[in-house]
Amino acid sequence: MELLDIDIRLIFAIMNGKVSSAINRKLQKNFNAADVNLTPEQWTVMLYLSEQDGVTQQQLCNAVYKDKPSMTRLIDILERADIVVRQTNKLDRRANTVHLTPHGREMKDKAQKIALVTLREALKGLTMDDLRTCQSVMRCVFENLTADGRR
């Protein structure tokens, strides 16, 4: 592939997080407008827990690509807001599992509607083929950069 044939500024905008930042800003704006007191980061954790409730903090770190101290702070905030609860892992008392509370599930449902609106705004004008191609390319880039198994 000849690198001069691609828009290198666009590639680096995608790679350095500008697209992600733009989506997160829009999602935060939409959350605020709907009076949903969440950040995109918190939303990501809630969404994962809605699909995989009762995982360890380390599993959450791996799933949402956060380091342990950041995840601990994030869970602390969500716990104070009665969105999640930590429970001692029955198999390993040194570890905690994290669960959505009933209030967290209600918030997740409300936030998910807003996230879908945001996603529709972000993907406007793209075809399903465009999205499949983009997903395939981003998966390949991610796998290339994490091939050694570290995150």
### Query
For Asp35, what is the net charge nearby, where nearby means another residue's Cβ is under 15 Å from its Cβ and Lys, Arg count +1, Asp, Glu -1?
+1
### Task
Rank Leu116, Leu91, Leu47 by mean-square fluctuation in a GNM of the chain with C-alpha springs under 10 angstrom and give only the top-ranked residue.
Leu91
### Message
Using DSSP to call loops (not H, G, I, E or B), can you name the trypsin sites (Lys or Arg not before Pro) in the stretch 77-117 whose Cβ has at most 11 other Cβ atoms within 10 angstrom?
### Response
Lys90, Arg93, Arg94
### Message
Rounding to the nearest 10 and keeping the result within 0 to 90°, find how far the Cα-based axis of helix 40-51 lies from the longest principal axis of the chain.
### Response
70 degrees
### Query
For the chain, what number of Lys pairs, 8 or more residues apart or on separate chains, have alpha-carbon atoms under 27 Å from each other?
29
### Message
Tell me the net charge near Glu106. Cut-off is 13 Å between Cβ atoms, Glu106 excluded, with +1 for each Lys or Arg and -1 for each Asp or Glu.
### Response
+2
### Query
Using the alpha-carbon atoms, what tilt in degrees (0 to 90, nearest 10) does helix 18-33 show relative to the longest principal axis of the chain?
50 degrees
#### Entry: For the stretch 73-151 versus the stretch 38-53, the gap between their alpha-carbon centres in whole angstrom
5 Å
### Summary
Summing -39500 (n - 2.57) over every DSSP H run of at least 4 in the chain, dividing by its residue total and rounding to the nearest 500, the 222 nm mean residue ellipticity is -20500 deg cm²/dmol
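None of the figures in this text is laboratory data; all of them are computed from the coordinates on show. Please read all numbers here as calculations on a predicted model, not as lab measurements. Glycine also receives a Cβ, built like all others from the backbone with ideal geometry; neighbour counts cover every protein chain displayed.
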